[in-house]
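Inspection log for the structure reproduced underneath, given as structure tokens.
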Amino acid sequence: MIISTNENNPNALKLIIAAKLIQKTFIVKVVKSGDAVLGRLPTLTVSSGLSLFSVSSALRLLLPISKELEVLNNRWLEWEISQLQPTILSYTSARTPKILQKSDLWSLLKDLNSELKNKQYLIEEHSNLSPAFILSPADISIWVSLWSTILLPDIRNDISKDLSNVNNWLINIEKQPVIQISPTKEKEMETVSQEELHNVEKSWTTGQYPEVKENSYPILPKKGERNILVTSALPYVNNVPHLGNIIGCVLSADIFARYCRQRNYNTLYISGTDEYGTATEAKALQEKTTPQVICDKFFDIHNDVYRWFGIGFDYFGRTTTPEQTEIVQAFFLRIKSQGYVSSETVEQLHCESCDRFLADRFVEGTCPRCKYEDARGDQCDGCSHLVNAVELINPRCKMCNTRPVIKNSIQFFLDLPKIEKRLKEYSITVEKEWSSVARAVSKSWLRDGLKPRCITRDLKWGIPVPIEGFENKVFYVWFDAPFGYISITKRYTKEYKKWWQPLQDTKIDLCQFMAKDNVPFHAIMFPAYLLAANQNYTLIKYLMATEYLNYEDKKFSKSRGIGVFGTDARDTGIPADVWRFYLAYIRPETQDSNFNWVDLATKNNSELLNNLGNFVNRALVFSEKFFNSTVPPIEAEEADWTVLALAQRELSCYINAMEQAKLRDGLKYILAISKHGNQYMQFQQPWVKVKGTDDNKKRAGTVIAICCNLACLLSALLAPFMPSTAKQLRSQLGLSNKSYGYIPETITNMLPTWHKIGKPNPLFTKIEDQKIEMLRKKYDGQQETNNGISANKVSDESITLEAAITKQGNLVRELKAKRDKSIWQPQVEILLDLKKKLNDLKNNVNTSEKKLPAKNKKVEPIHAPEQNGDALTDVMALEMAIAKQGNLVRELKAKEDGSIWKPQVEILLEMKQRLMDLTGTAPVVVDKKSKKKK
């Protein structure tokens, strides 16, 4: 993504803030005033090549707003363009400007003040609006227009006196991390209050630095202490985990568990592999072996990958154990005895060709809810809702592609409606502690109402049902897997019930980490099982779910060799800690994020090498060179208390973020402390003072002692994210004792005078551009697949067809949501035809369509939507159609001759003309692919 702008254009800042808010990698390209290539500046160019010249449109693209708030957002954007900006220009350009309170500008600010009554922001957070978008396009745009023009101290004082709502709004926006890291004029040392100076001086001179407690085996809950049970969603065992899998569960949980241990919370972190289920059976069929062999093979792979990444489990287990069988069967019998299980005759899909009942994962079809054509028999990837395989429209066997028949079978059901009231009561008490993603998914499920769920299947690979007459059935993996947390804890210690059924006077905080696709099983299913048992089991308190991590704007794909998988990371030569750092930095906490090689190198070279590494290395080398590798005496002045007070601010924010498992923010507060340290050292210039008078040398000693103490603090704060690096830094600080590393709430003097420093060495190395380019190419579809076949040998035609199916499927879903059948039905036919061609290709069926001469190829255009009388809706629909038709034209131009693509250009021009007729302006194309899926 490229933001093209001329110098000092405040509108570019709006786009920069929005891009940073959603963690989009972007380049700012400064265009000379004489450059006539671009019409208006700034311009946002997205990955597809589309350029947006309207700042408002670009903001709406980057920060999509829910339909309920879209009208309000657009009204304020229009107000800013049509009223605020001209009035600001008139006021600031007047030779003798009026008194502000008597100007037209003040009148507009009063309107803004009225709107902000009892509101933090113009566009308040909505249930469908991710907290990542807490700053709406309207809030960002208006704030930048004011900040960049009139917010001088005198005017700010007037606003604070007379327009309190506007003043509070300004403060709320300016305290957001994304605003604080946005480009600003170079400042000197930030100012702090006298109270902050007093508090940090007091804590520095009187505070004690505690040691980290050492836990003995087994770790058990303790009365009167904070007991934290951390789990990560059990990774499924049928494949190698990729970077998104790793940050989504095990790494996030590890960072949080390490933080808790360093706060002296009594912490146990357990996880393991989820090994039952049809995916394992399918993998075994694919590799012509048994499910247990698959489980053993991939358990070792997962275990090795997580060890290399430094994941510090207290115990890493698996679900194919006697303990798992015992616990699952006991839970089932208990829940059944409580009246929450019933048996019903159900219709199941049976493949006559394969002569077997089809597990959900072996069935695909159209989702009955959202009409997504490739929904699995257990869950729809289109709307994330669970489905029953027999409810799929046009089901097909995944193994032979024939249509299965329905046969009757008796199965057990969990009566979720019977538990729903208790589940809602429980959810209300804990959901405020959950991540926004988890809250949204949970609320959606409970809002729609729960239905009985089948918990048994006619399969062989799974835990047998302990009821006479049902011996040939097994428990469905959704019922089985969550109990893995309990069985794995039992494998760790025989006293596992102290964690899962604690005494009344012992409090347990269960914290679970996962990607959003696992939320229904942990927010709804698992608590339902535990509540139904009526045996006072520990329930989830903190449910920390993430969105998805993409790879270079694409999905990870092992079959195509796209993306870095766990076994690949060590082969890159990049240390595990750097991977941990970058994955935490881009953790998709509130919306999908994107792994990018260039961004990885940039973050390593700027944040780690030039910022953090540079600061601690300079401090320790200076101590070694001029103070005999010791910490000099401190005679603190106001500048020293100031930098410590600034560090205290960041420390407080760090703890607040980490307590809520906002790991991405926590990491940025660490980097902010080292930035303060670098700035402090640069201002104080100890390298100059050490060569001066005795007083100057003492002053240099104080500065270095402060910096060494900040380095010590950083070693503690960094340890959850980069444990090996933190250990190296502690060694260089002369802190070999394992008890060092406690994360304090207040700044204290960690290193006493004359403490002996170790040997300083650089913590980080630069990642060169050549290496990044090599790695980018290697993991962009060029490496070998699991079968040893080079991914770049996959049929070009197959890849093209799959891409076309994805695009056409997106189009069909969008049209179905907004238009009648006459509009979307022809597009469905195109989609089905594409799928048939792909299926024929994969089965080596020669069809007449495959090798038509180029001039005989028929290309279906993206049809312009009919007008419905609603101008705004028509404009948006046309912009969508133009974007898709434009993509089609570009693809055809790259691959086909003029006879194919020229007719599509004519259609595109007709659409643009219709848009011009509606708006009276040149079209602004919206690239819907960049929008976050709702």
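Could you list, in their original order, any pairs among 288/555; 554/777; 421/541 whose Cα atoms are separated by more than 20 Å? Display every interim value, and only then the final one.
Details: 288/555 28 Å; 554/777 14 Å; 421/541 18 Å.
Checking Cα-Cα distances, 288/555 exceed 20 Å.
What is region 536-666 by shape, rounded, prolate or oblate, if you read a ≥ b ≥ c off the alpha carbon gyration tensor as root eigenvalues and call it rounded for a/c under 1.5, prolate for a/b larger than b/c, and oblate otherwise?
Working: a/c = 2.72, a/b = 1.52, b/c = 1.78.
In terms of gyration-tensor shape, oblate.
Show the residues, 5+ positions off or on another chain, whose built amide H is closer than 5 Å to the amide H of residue 267.
Those qualifying (amide H under 5 Å, at least 5 residues apart or on another chain) are 228.
At 0.36 nm per residue, minus the direct Cα-Cα distance, what do residue 292 and residue 682 gain on full extension? Give it in nm, one decimal, please.
This chain segment gains 134.3 nm when fully extended.
Extension gain residue 92-residue 28, at 0.36 nm per residue separation less the Cα-Cα distance, in nm? List each step's numbers first, then the result.
On the way: separation 64, 0.36 × 64 = 23.04 nm, distance 2.77 nm.
Stretched fully, the residue 92-residue 28 segment lengthens by 20.3 nm.
Quick one: putting +1 on the C-beta of Lys and Arg, -1 on the C-beta of Asp and Glu, what dipole do you get for region 610-763 around its Cα centre, in Debye to the nearest 20? Before the final figure, lay out each step's value.
On the way: 17 positive and 11 negative charges, 115 e Å.
Magnitude of the dipole: close to 560 debye.
Efficiency by 1/(1 + (r/R0)^6): what FRET value for residue 403 and residue 285, r their Cβ-Cβ distance, R0 = 22 Å, to the nearest 0.05? Don't skip to the end; give the middle numbers.
Working: r = 20 Å, r/R0 = 0.93.
It comes to 0.60.
For region 413-474, with equal point scatterers placed on the C-alpha atoms only and solvent neglected, what are the log10 I(q)/I(0) values from the Debye formula at q = 0.14, 0.20 1/Å, to two decimals?
Cα-only, vacuum Debye calculation for region 413-474: -0.59, -0.80.
Find which of 685, 614, 634 sits farthest along the positive direction of the dipole of region 610-763, computed with +1 on the beta-carbon of Lys and Arg, -1 on that of Asp and Glu, about the Cα centre.
In region 610-763, that residue is 614.
Do any of 336/473; 24/668; 29/175; 418/451; 222/507; 14/662 go past 18 Å between their Cα atoms, and which?
Details: 336/473 16 Å; 24/668 16 Å; 29/175 27 Å; 418/451 9 Å; 222/507 8 Å; 14/662 25 Å.
From 336/473; 24/668; 29/175; 418/451; 222/507; 14/662, over 18 Å: 29/175; 14/662.
With θ set to phi - 60°, apply the Karplus curve 6.51 cos²θ - 1.76 cosθ + 1.60 along region 497-506 and write out the HN-Hα couplings as whole Hz, x wherever there is a Gly or Pro.
5, 5, 8, 9, 9, x, 5, 4, 8, 10
Would you grab the residues whose amide H sits under 5 Å from the one on residue 594? Only those 5+ places off in sequence or on another chain, please, with H modelled 1.01 Å from N.
550
Please work out the FRET efficiency for the pair residue 745 and residue 194, using the Cβ-Cβ distance as r and a Förster radius of 22 Å; give the result to the nearest 0.05.
On the way: r = 21 Å, r/R0 = 0.95.
Calculated value: 0.60.
Decide, for region 321-369, between rounded, prolate and oblate: order the square roots of the alpha carbon gyration tensor eigenvalues as a ≥ b ≥ c, take rounded if a/c falls under 1.5, and otherwise choose prolate if a/b is larger than b/c, else oblate. Walk me through the numbers before you get to the answer.
Numbers: a/c = 2.46, a/b = 1.79, b/c = 1.38.
Judged from the Cα gyration tensor, region 321-369 comes out prolate (a/c at least 1.5, a/b above b/c).
For region 194-314, just run the numbers: alpha carbon Rg, then divide by 2.2 N^0.38 Å, N being how many residues it has. Working shown, then result.
Working: Rg = 20.6 Å, N = 121, 2.2 N^0.38 = 13.6 Å.
Against the compact-globule rule of thumb, the ratio is 1.52.
Once fully extended, how much extra length lies between residue 304 and residue 104, figured as 0.36 nm per residue of separation less the alpha-carbon to alpha-carbon distance?
Numbers: separation 200, 0.36 × 200 = 72.00 nm, distance 6.72 nm.
Once the chain is fully extended between residue 304 and residue 104, it gains 65.3 nm.
Out of all DSSP beta bridges in region 397-547, what portion is antiparallel? Express it as a percent rounded to 5. Walk me through the numbers on the way to the answer.
Working: 5 of 11 bridges.
Of all bridge pairs located within region 397-547, approximately 45 percent are antiparallel.
For region 114-120, just list the computed ³J(HN,Hα) in residue order, Karplus coefficients 6.51, -1.76 and 1.60, θ = phi - 60°, integers in Hz, with x standing in for Gly and Pro.
Per-residue couplings from phi come out as 5, 5, 8, 4, 6, 10, 7 Hz.
So who's got an amide H within less than 5 Å of the one on residue 312, skipping anything under 5 residues away but keeping other chains? H placed 1.01 Å off N, in plane.
none
What FRET efficiency would be calculated for the residue pair residue 162, residue 639, taking the C-beta separation as r and a Förster radius of 60 Å, to the nearest 0.05? Write out the running numbers ahead of the final one.
Details: r = 36 Å, r/R0 = 0.60.
So the FRET efficiency works out to roughly 0.95.
Local charge sum around residue 432 (other residues, Cβ-Cβ under 11 Å, Lys/Arg +1, Asp/Glu -1)? Can you show the working numbers first?
Numbers: positive: 439, 541; negative: 431, 433.
Every neighbour counted, the sum reads 0.
Between residue 205 and residue 82, what is the label-to-label distance in nm when each label sits 7 Å out along the Cα-to-Cβ direction?
6.2 nm
What shape does region 359-403 take by its C-alpha gyration tensor, where a ≥ b ≥ c are the square roots of the eigenvalues and a/c under 1.5 counts as rounded, a/b above b/c as prolate, and the rest as oblate?
Values: a/c = 1.96, a/b = 1.62, b/c = 1.21.
Since a/c reaches 1.5 and a/b is larger than b/c, the shape of region 359-403 is classed as prolate.
List, in order, the whole-Hz ³J(HN,Hα) value for each residue of region 617-626 obtained from phi through the Karplus relation with A = 6.51, B = -1.76, C = 1.60 and θ = phi - 60°; use x for Gly and Pro.
Once θ is set to phi - 60°, the couplings for region 617-626 become 5, 4, 5, 6, 5, 5, 4, 5, 6, 10 Hz.
Readers should treat all values here as calculations from the given coordinates under stated rules, not as data from a laboratory. A quick note: this is a predicted structure, and the numbers were derived from the prediction, not measured. No Cβ is skipped: glycine too gets one built from the backbone with ideal geometry, and neighbour counts run over all protein chains shown.
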